[in-house]
Amino acid sequence: MSIRSLVRPLAAALLALSAPAAAHAAAAPPAVPPAVPPAVHGTVVDSAGTPIPNATVIVAEVARSTTTNAEGAFVLRGLPAGEYHLSITSIGYAPGHLVVKVPTDGPDLTVRVTLVATPLRLSSVVVSASPTGTENERLAQAAVELSGRALARSLSSSVAASLAAEPGVSQRYGGPAATMPVIRGLTGDRILVLQDGERAGDLASSSGDHSVSVDPLAAQRIEVVRGPASLLYGNNALGGVVNVVSNDIPTSVPTHIEGFIGSQGESVTPGAAVSGGLSMGLGSRSALAVRAGYRDMGALRTGGNVTLDGTDARNTNASLGYGFIGERGNLGLAVRGYDFNYGIPAEAGDPEAGIRIDGRRLGLSGRGGLQLNSTAVPYLRVEGTAQDYAHDEVESDGAIGTHFELRTQTLNAQASTQFGRMKGAMGLQGLFKQYAATGEEALTPAADSRGIGAFLYQEVQLRETGAAHPGHKGDVSLQLGARWDDYTITSKTGDPKFGAGRTVDFRNGSGSVGLSWSATDALSLSGSVARAFRAPTVEELYSNAFHAAAGTYDVGNPDLEAEVSTGAEVIVRLNTGRIVAQASAYTNRIANYVTPSILGDTLVDGELVPLNRFAQDDATLTGVEGSLEAQLSAGLVASVMGDVVRGEFTGGGPLPFLPPARLGGGLRWEQGRWSASGDVRHAFAQDRVTGGDVDVATEAYTVVNLSAGTQWLVGNILHRLTLRVDNAGDTRYFDSASRIKFFAANPGRNVSLVYQVQF
């Protein structure tokens, strides 16, 4: 796949969107150019008035960000007239927040933000959770972001492993490379993984032996939205969203050459990883961003000093992005590449041992924003992607058992809206996929998918006291959303074992209602009800072959209906300045939940294997999750966390592969440039399983993790060194959410060293 072939569909889509506007402009008489809103010049300082370099400034409403220079200064140009929530973050400080009102014209604005030092972990605005830049305490949905020291303390070889300690989040473990996040008991095609807000465009969701094609070392931050997110993202977001933010397309002209270098080594998978990038201004209106990385891992060593042979892995990734930031809008383009090769864990004596996955992903992304001459609809953002993904499953003798290809195109148009006290967004989204699997072991026929969606999201301040941030005592906010999706999957006629091609259509409406109340300046309560949907996958509809990763002969069911989720959630958030806590309770009823159904055994190449036909049954997931941090003294923080989810089919029996209930606690000390921490995580036994040879019960286990770090500033260059010891006791344990738990243990003792430079 060439860059030219990727450019064509994206360019055609962008031209199609711009054609009506161009025609209108050609027909309209000449007009006086509208006024140009002023730029925002800002300075970020600490409590003593000392400038803070390398602080990140995020404007969520228009998906833009920049960083401060050595003098703590930043500039935001080309913001349309309106009100914006600026979120400012820096390592060792509580996130700052500032509301800026940009007029239609006039002199440039000057703002000053003071950040307060704190050892507590506090999340800034989670862009993936809301299109309006809403502060976390006003969100009606549980969301969290990892960045800075918190990300360095949890950084692992995969995105899922880096998030596995978060409340409500675990991982579908298929070896060190083939992992997938599990959110509140849901994973695979029910979780959407994004990079810079765009679909990753890989096959990680389709099978337990496929990996997410994003390396976490490239992340500036990682955002997680727990619970249904179909309202903003459509299909595949039934359980939640993970967004890896690498800022590959510049959205502001930096005031200095900014960038990062990161490196990591782990003893549990001997090897090393390195990643680096920089962004620089090309004059006063444009910027260039370059990023590249490489990871090489040896075979995994599990607890008890047992090596999982053939699980070595490597990947190479790179991106090149360009952004133009004008007075009334911005344009950007990025090219990404990701090349990978890894081994699949296999049971001793398994004839499938030695299989490797060798593949690549190439993508092109484009986005543009335009200020509109309207107070009701002030801003329009258009984004498009074209991605080409392929991988081979290579057998031990070098033969290619199956070749997979997936081409994905997306086109999204989103307009911000302001109607009196109502602020929000409306949008149109298109998702197009062309999938093919060839070879003797192909599981499904080739198939094309098309999804069209439209949504409306609004926030209303029912009561606003006007109190300054962080105090919003008495404020009441209502969040409303509605969405309609039309999703079609068409299989193609080819291999006789799959029969004639056929088309299935899924049409569904989604919606949500959320309410948040700031009971005091420190305590906020939120609640929401939501309806979301997911269309069945090609594998669930059309499979007819032995599936080595699952150990079953899979038969699809083209009569499957769309899954429809109806859920409710209540969230309590507390931030006193010395105590930060969040607790959530939720219930989620999923009608038509698609699940494997073992009908007996069938003969495959002379061997009896379980025969699986995908079926449906209504299911309910109910859970509680929470975390608390308390500052005991200057620099000393105690923390606790816990989560539990219970899933039941209406017809009786537990949902398969649910994570265990967990409890954890720890102590962390941060004083200036030095930090140290230790925590204990206990997972309870999980005996609520479907049984058989795959979804087996797992025993309780306890792991101890230790960490120490230091950081220092040389000029405006920040150096950070983190040493971790994960699973210090080398506990041998099996995670119940793993698809290979019946033979493969999780990682043993791991000594990890992370060195990062930010400038």
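Summary of computed values
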item	result
Residue list for the range 722-759, given a label point 7 angstrom along the Cα-to-Cβ vector of residue 309 and an amide N cut-off under 17 Å	743-745
Those lysines that a straight Cα-Cα span of less than 25 Å connects to residue 492, excepting residues fewer than 8 apart in one chain	433
Normalised convex hull volume, the range 40-115, alpha-carbon set, Å³ per residue	80
Using alpha carbons only: equivalent-ellipsoid semi-axes of the chain, gyration tensor based, whole Å	39, 31, 26
Residue exposure sequence - 517, 484, 712 - by fewest surrounding Cβ within 10 Å	712, 484, 517
All-pairs alpha carbon distance profile, the range 291-450, 5 Å steps from 0, percent	2, 8, 12, 13, 13, 12, 11, 9, 7, 6, 4, 3, 1, 0
Cα convex hull volume per residue for the range 635-759 (Å³)	128
Least to most buried among 68, 316 (fewest other Cβ within 10 Å first)	316, 68
Hypothetical label at residue 602: residues of the range 487-510 whose amide nitrogen lies under 11 Å (7 Å Cα-Cβ projection)	498
Gain in span if fully extended, residue 104 to residue 41, counting 0.36 nm per residue against the direct Cα distance	21.1 nm
Nearest 10 degrees, 0 to 90: helix 3-27 Cα axis against the chain principal axis	40
Global form of the range 82-144, assessed from the alpha-carbon gyration tensor, a/c cut-off 1.5	oblate
Set of aspartates and glutamates near residue 497 by C-alpha distance (under 12 Å), chain-local residues within fewer than 8 positions excluded	440, 441
Computed FRET value (nearest 0.05) for residue 373 with residue 422, which takes r as the C-beta separation and R₀ as 22 Å	0.65
Normalised per residue, the volume of the convex hull around the Cα set of the range 618-695 (Å³)	111
Cβ-Cβ FRET estimate between residue 640 and residue 292, R0 fixed at 25 Å, reported to 0.05	0.05
Residues of type lysines that residue 423 reaches as a straight line, Cα spacing below 16 Å, ignoring anything fewer than 8 places off in the same chain	101
Gain in span if fully extended, residue 503 to residue 280, counting 0.36 nm per residue against the direct Cα distance	75.4 nm
The chain, helix-only ellipticity at 222 nm - DSSP H runs n ≥ 4, -39,500 (n - 2.57), divided by all residues, nearest 500	-1500 deg cm²/dmol
Efficiency of FRET between residue 633 and residue 48 - r from beta-carbon atoms, R0 35 angstrom, step 0.05	0.95
Residue order, fewest to most beta carbons within 10 Å, for 286, 279	286, 279
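Each reported figure results from applying straightforward, stated rules to the coordinates on display, with no laboratory input. Everything quoted here is computed from the prediction, not taken from an experiment. With ideal geometry, Cβ positions are generated from the backbone for all residues, glycine too; neighbour counts draw on all protein chains shown.
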